[in-house]
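Report on one structure; see the data block that follows.
The values are calculated or read from the model by the stated rules, or taken from the named source; none is laboratory data. Owing to the predicted nature of the structure, the values given are computational and were not obtained by experimental measurement. All Cβ positions, even for glycine, are placed from backbone atoms using ideal geometry, and neighbour counts span all protein chains on display. Just the protein is used for accessible areas: all its heavy atoms, side chains included, with ligands, DNA and RNA removed. Shrake-Rupley method; radii C 1.70, N 1.55, O 1.52, S 1.80 Å.
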Amino acid sequence: MIFNNQFSKFGKGENISAIMPSENSISIFYYLGGIGKKQVEINDDNISLKKEKVSLPYFEVIALDENYIITRIDKSLAVNKL
């Protein structure tokens, strides 16, 4: 299980959604005044967490698959390609 004490300081946020774009990578989107993104990279015995600057004015991102996401602003939904 990768979500152990190594991620106890992941950070604050709401509307968390995760996408697994590859076998060794997990993209995590979260809302904190706008959508932020963190990337979990898994290599052999090493797990790393990288914060990426993303400027998305949404309240929520929902993963459909590795290529498409649903974005929400209030009651408006859109399908977007990554």
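In the set Glu23, Glu66, only one residue is surrounded by fewer than 16 Cβ atoms within 10 Å (Cβ to Cβ) and touching a residue at least 40 places away in the same chain (Cβ under 8 Å); that residue is Glu66. Entry remark, the range 27-63: residues being open to solvent by less than 50 Å² (accessible area, probe 1.4 Å) and more than 21 Å from Glu14 (Cβ to Cβ) number 4 in total. Taken over the range 69-82, residues that are exposed (fewer than 10 other Cβ atoms within 10 Å of the Cβ), assigned to a strand (DSSP E or B) and not basic (Lys, Arg) amount to 1.
One residue stands out among those in the range 34-55 that are touching a Leu at 6+ places or on another chain (Cβ under 7 Å) and more than 17 Å from Glu23 (Cβ to Cβ): the one that is modelled with the highest pLDDT, which is Lys38. Among the residues of the range 12-30, is there at least one that is at pLDDT below 80 and in a loop (DSSP other than H, G, I, E, B)? Yes; the residues of the range 12-30 include at least one that is at pLDDT below 80 and in a loop (DSSP other than H, G, I, E, B).
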